[in-house]
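Derivation of every value follows stated rules applied to the coordinates shown; laboratory data play no part. Here the structure is a predicted model, which is why all the values come from computation and not from measurement. We place every Cβ from the backbone using ideal geometry, glycine too, and count neighbours over all the protein chains shown.
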Amino acid sequence: MLVVMKNDATEEQVQAVIREIEGMGMRGVPMPGSLRTAVCILGNKGPVDDSRLLVMEGVKETIRVTKPYKLVSRETHPQPTVIAVGGLRIGEGKPVIMAGPCAIESEEQALTIAHLVKKSGAQVFRGGAFKPRTSPYSFQGLGEEGLKILDKVRQETGLLIVTEATDHINIEVVEQYADIIQIGARNMQNYSLLRRAGHASKPILLKRSFAATIEELLMSAEYITSEGNNQVILCERGIRTFADNTRNTLDLSAIPSIKEVSHLPIIVDPSHAAGRREYVISLSKGAIAVGADGLLVEVHHDPPHALSDGMQSLYPEQFAELMKEIKGLIP
Ligand code: PEP
Ligand code: MN
């Protein structure tokens, strides 16, 4: 349930409502809006008796939230959320482009790719230092050494950094180096990681699991926001279907579907969806056309020798071409 305060309600009246909700054994989370504040009630086991709240000073009305997710729902927050990070505004209309290798392999590799993607217009550099690999024998990433390389990339190029935390332990160090902390598809339902991300001081890029419904993705986002971090960017990266022409099936319908029910921004990763670089430009154009707030694209200067995901990594010239082609689609 949402307790909508009057336009002229005071901070004391908002706090009094929160105390009343706590007295009823639930949590009240204030959600300031442009015109008025609403207080979202969390933790109710059944229907809430709003009679005590409706008579309080400053309360305008109560609204029942029908979705199981509350804080990330559009019912609670009708305006789209814009994530401000290092001068960028994600979710405000102009797509944000994040590009770089799957994994950080060396300083030379990272800097070479970073300069190339920056030249083509990328605003954020991606690259994993902690890699969640399907096989325990595959390259697992450089760990903190990789994070230090990312720090150097930021200093040399001015690009912002998005990099993955794979558990609730390494998120501590990732948080120190990243501008945006990525939570990967395999970890979308790692609840201890999600809860810890809810206490992070940085925005979270939450990727949809290849086996998750939209509702499950939004419930995972709710784990983060319910702990206090409302800076969440969602990412569609392909789901597993019977189709075997691509590594995963890019679900572009997720973009309008999510925008209908949630205020969070959503970007698209065409690389992990396609699994083959040949399809990445077309899928990127599709993503922008359906209203994605950005792209997360794998680019490598030497894909045949990449330590991970070389098949789906664009050559730098292809990334330059991608940037040129999507330009025409951006209003
Ligand atoms: C990645 O972005 O490199 C990655 C591992 O992606 P996903 O979690 O979507 O598989
Ligand atoms: Mn990858």
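Go through Leu159, Met98, Leu142 and say which Cα lies farthest out towards the positive end of the charge dipole of segment 49-189; charges sit on Cβ, +1 for Lys and Arg, -1 for Asp and Glu. Farthest towards the positive end: Met98. Counting only Cα atoms, the size of the chain along its three principal axes is 67, 38, 38 Å, in decreasing order. In this rough spin-label picture, where each label sits 7 Å from Cα along the Cβ direction, the Asp167-Glu92 distance is 3.9 nm. Could you tell me how many degrees, from 0 to 90 and to the nearest 10, lie between the Cα long axis of helix 11-23 and the main elongation axis, the longest principal axis, of the Cα atoms of the chain? Once rounded, the angle reads 90 degrees.
Straight-distance candidates among the lysines for linking to Lys148, with alpha-carbon spacing under 23 Å and chain neighbours fewer than 8 residues away dropped: Lys118, Lys119, Lys131, Lys202.
For segment 66-173, the set of chymotrypsin sites (Phe, Trp or Tyr not before Pro) satisfying both a DSSP loop assignment and a count of at most 13 other C-beta atoms within 10 Å is given as Tyr137.
Here is the result for segment 71-167: no trypsin sites (Lys or Arg not before Pro) lie in DSSP coil with at most 13 other C-beta atoms within 10 angstrom of their C-beta. Among the trypsin sites (Lys or Arg not before Pro) within segment 260-331, those in coil by DSSP and having at most 16 neighbouring Cβ atoms inside 10 Å are Arg276. If the segment from Arg133 to Met26 were pulled out straight at 0.36 nm per residue, it would be longer than the present Cα-Cα gap by 34.5 nm. In a fully extended conformation the segment linking Ala211 and Arg240 would gain 9.8 nm over its present Cα-Cα distance, using 0.36 nm per residue.
Relative to the current alpha-carbon distance between Tyr191 and Arg64, full extension at 0.36 nm per residue lengthens the span by 43.1 nm. Normalising the average separation of contacting C-alpha pairs (under 8 angstrom, six or more residues apart) by the number of residues puts the relative contact order of segment 189-298 at 23 percent. Over the chain, DSSP H runs of length four or greater, each weighted -39,500 (n - 2.57), average out per residue to a 222 nm ellipticity of -9500 deg cm²/dmol. For the chain, what relative contact order do you get, as a whole percent, if you take Cα pairs closer than 8 Å and at least 6 residues apart? This gives 16 percent for the chain. Positive-end ranking of Thr10, Pro68, Val117 along the dipole of segment 1-129, with charges on Cβ about the Cα centre, is headed by Val117.
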